[in-house]
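K.L.:
So that we are looking at the same thing, I have put the structure below in structure tokens.
The values are calculated or read from the model by the stated rules, or taken from the named source; none is laboratory data. Because the structure is a prediction, the values reported are computed rather than measured. Calculation scope for accessible area: heavy atoms of the full protein, side chains included, ligands and nucleic acids excluded. Shrake-Rupley method; radii C 1.70, N 1.55, O 1.52, S 1.80 Å.
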Amino acid sequence: MKPEPQILVHVGLHKCGSTWLQKEIFCRPDYGFTAPWGAMSHRAVTEFVALDPLCFDPAITRAKFDDALRDGPADAPVAVISHEALSSRPHHGMYYAPGVADRLHQTFPQAKVLLIFREQASIIYSLYGEHIRNGGRHSFAQFIGTGNEPPGWTALCRLSFFEYDRLLQMYQDVFGAEHVLRPAA
């Protein structure tokens, strides 16, 4: 019987080296990692983001993860779930981090959470470039907002999302500060 691995949940963010981590680190048993739902855990998006929240059942989701872990080829001390969409999709105007964090915690209460951040101007310009490459037609000012949006409207990419201390604090509140891993300041 395999020993129970530590669960590591990497919640992104977009444009912060996630793809490199997924391809070069998180799928490497020789580094101590296994990725039961794949190096880029699209299954995690299905289970925690793109679901009807009223249908969420942490026991069913955990069983699906445990089945994939059990069927996986690797004996590694750390099982990783990694997808940048777990943090939200600011370049699509989608902000749902608190609900995802809560569902992740219900499913994996002892998990460690990894957050990696990038300097704000750099990430915003990079997200805008992706927005344009994917067919977006907003000007940069429309993308980040002008501050003069009419009532009921907001910018697609809200600058407040990049106040990283709020996301970090939210994950510390949900999982406990001792479970949230981040680069040293």
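K.L.:
From the backbone phi of the stretch 7-22, what are the Karplus-calculated ³J(HN,Hα) couplings (6.51 cos²θ - 1.76 cosθ + 1.60, θ = phi - 60°) in whole Hz, Gly and Pro given as x?
P.N.:
Calculated HN-Hα couplings, in order: 9, 10, 10, 9, 9, x, 8, 4, 6, 10, x, 4, 4, 4, 4, 5 Hz.
K.L.:
Where Rh denotes the Kirkwood radius from the mean inverse Cα pair distance, what is Rg over Rh for the stretch 72-184?
P.N.:
1.03
K.L.:
Any idea how far the Cα center of the stretch 58-92 sits from the one of the stretch 148-169, in Å?
P.N.:
A separation of 28 Å, based on Cα centres.
K.L.:
Give me log10 I(q)/I(0) at q = 0.10, 0.17 Å⁻¹ for the stretch 1-140, Debye formula, one equal scatterer per alpha-carbon, no solvent.
P.N.:
-0.35, -0.94
K.L.:
Helix 58-71 against the longest principal axis of the chain: what's the angle in degrees, Cα atoms only, rounded to the nearest 10?
P.N.:
Helix 58-71 and the main axis of the chain meet at about 60 degrees.
K.L.:
So with the 1.4 Å probe, I'd like the accessible area per residue for the stretch 57-185, rounded to whole Å².
P.N.:
53
K.L.:
Using alpha-carbon pairs under 8 Å, 6+ residues apart, how would you state the relative contact order of the stretch 50-121 in percent?
P.N.:
34
K.L.:
Then there is this: Relative contact order (percent) for the chain, with alpha-carbon contacts under 8 angstrom and 6 or more residues of separation?
P.N.:
Numbers: 262 pairs, mean separation 52.8, N = 185.
In percent, rounded to a whole number, it is 29.
K.L.:
Just the number, please: carbon plus sulfur as a percent of the accessible area of the stretch 41-185, 1.4 Å probe, no ligands or DNA/RNA counted.
P.N.:
Reported share for carbon and sulfur atoms: 55 percent.
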